[in-house]
Amino acid sequence: MTTSIALLGTGLMGLPMARRLLAAGFELTVWNRDPSKSAPLEAEGARIALDPKDAVRDATHIITMLTDGAVVNHVLFESGMAGSIPGGATVVDMSSIRPSQARDHAARLAELGVSHLDAPVSGGTKGAEAGTLAIMAGGEQQVFDAVAHLFKPMGRAVRVGPSGAGQLAKLANQAIVGITIGAVAEATLLVSQGGGDLEAFRTALAGGFADSTILQLHGARMQSGDFEPGGRALVQIKDLDNVLMEARALGIRLPMVQAVRDRFVRLAENLGGGDLDHSALFLELLDLNNLSTTPRD
């Protein structure tokens, strides 16, 4: 059977993911609420759908890359799209939503004869462009095995458990990302204010226990003041809110997540940085210390 993919959501992440699928030779239909964001893909070989129902009518696989669980639920069910998905097709939700929402979507789609995986990603826009995303999948093993060929152009996929487990892994990932951004911001400020060379500092730590992609990439962003969004601060807040919601459901407390979440909220609400890259948490730290927005070189 020919693989025919419908990808819903061609924003910052969905657009480069679609391009990776097209480059791999897949038959692709795309839809986005704002048609201007999917229009460039037509010249690259994609069919542009008029609405979600149109997008999925002949699809064997549907990939959703949408803002949050409410939007995914609206597109899948409230719009009536689920009823237009051919029986035997598979929905792969690569959005970041709550585990309980993923399990609910899987159960409702199963009643329609449609398989489901929750498969959120990490790696940002650069990972999406390079096809090096970390993909965390939840769902049945046989469903994961059957769609493994779809993941290869986009990154490295690992099944981490049953339905909802992919989203739980993504929440854990976002907790690590948020806390690490906070740590890198504080370390960058410490070295900068102490007169150290920030670039040399990152080189010195490379390969050690404190090294990370966040240190190297976001540390450089903090030094240069380049906060063009790859992963927006508002999305980071949404993810950290979901982490805390899941923690409450499990009866546990995550004080570091709560603290860094509150700092991201301050960045967005008090400093107007919600649409900046999440590495702009450095600006919140500078403001907290009544410092200028440019670190010492």
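Screening VAL114, VAL121, VAL92 for residues that are closer than 21 Å to GLU27 by Cβ, of a type in the set (A, V, I, L, M, F, W, C) and in contact (Cβ under 8 Å) with a residue 40 or more places away in the chain leaves exactly one candidate, VAL92.
For PHE209, indicate whether it is of a type in the set (Phe, Trp, Tyr), modelled with pLDDT of 95 or more and under 17 Å from ALA185 (Cβ atoms). Spelling it out, it is not the case that PHE209 is of a type in the set (Phe, Trp, Tyr), modelled with pLDDT of 95 or more and under 17 Å from ALA185 (Cβ atoms). Of the residues making up the stretch 267-296, those that are within 22 Å of the chain's Cα centre (by Cα) and either more than 14 Å from ARG232 (Cα to Cα) or crowded, with 17+ Cβ neighbours inside 10 Å (or both) are LEU267, ALA268, GLY273, GLY274, LEU276, ASP277, HIS278, SER279, ALA280, LEU281, PHE282.
Identification of strands (runs of 3 or more DSSP E) wholly contained in the stretch 21-98 with 1 or more residues that are more than 17 Å from the chain's Cα centre (by Cα) and of a type outside the set (Val, Ile, Thr) yields 27-31, 61-64. Scanning the stretch 139-168 for residues that are in contact with a Ser or Thr (Cβ under 9 Å, 6 or more places away or on another chain) and over 24 Å from LEU21 (Cα atoms) gives a single hit, GLY164.
Counting only helices (runs of 4 or more DSSP H) wholly contained in the stretch 109-215, the ones carrying 2 or more residues that are among the hydroxyl-bearing types (Ser, Thr, Tyr) and surrounded by 14 or more Cβ atoms within 10 Å (Cβ to Cβ) occupy 165-193.
GLY25 meets all of the listed conditions (1) in contact with an Asp or Glu (Cβ under 8 Å, 6 or more places away or on another chain); (2) farther than 29 Å from ILE237 by Cα but one, namely (1). The residues in the stretch 124-151 that are touching a residue at least 24 places away in the same chain (Cβ under 8 Å) and over 17 Å from the mean Cα position of the chain (by Cα) can be counted, and the count is 8. Every residue in the stretch 218-258 that is touching a residue at least 12 places away in the same chain (Cβ under 8 Å), among the hydrophobic types (A, V, I, L, M, F, W, C) and out of contact with any Phe, Trp or Tyr (no Cβ under 6 Å at 6 or more places or on another chain), please. Once the filter is applied, which keeps residues that are touching a residue at least 12 places away in the same chain (Cβ under 8 Å), among the hydrophobic types (A, V, I, L, M, F, W, C) and out of contact with any Phe, Trp or Tyr (no Cβ under 6 Å at 6 or more places or on another chain), the stretch 218-258 yields ALA220, PHE227, LEU234, VAL235, LEU240, VAL243, LEU244, MET245, ALA249, LEU254, MET256, VAL257. For the stretch 216-250, the tally of residues that are polar (S, T, N, Q) and buried (at least 20 other Cβ atoms within 10 Å of the Cβ) stands at 3.
The number of residues in the stretch 31-63 being among the aliphatic types (A, V, I, L, M) and surrounded by 22 or more Cβ atoms within 10 Å (Cβ to Cβ) comes to 7. Just a yes or no: is a residue in the stretch 185-208 within 21 Å of the chain's Cα centre (by Cα) and without any contact (Cβ under 8 Å) to a residue 12 or more places away in the chain? No, the stretch 185-208 contains no residue that is within 21 Å of the chain's Cα centre (by Cα) and without any contact (Cβ under 8 Å) to a residue 12 or more places away in the chain. Within the stretch 252-266, the only residue that satisfies the criterion of being among the hydrophobic types (A, V, I, L, M, F, W, C), assigned to a helix (DSSP H, G or I) and farther than 14 Å from GLN236 by Cα is MET256.
The values are calculated or read from the model by the stated rules, or taken from the named source; none is laboratory data. Please read all numbers here as calculations on a predicted model, not as lab measurements. Methodologically, a virtual Cβ is constructed for each residue, glycine included, from the backbone with ideal geometry; neighbour enumeration extends over all protein chains shown.
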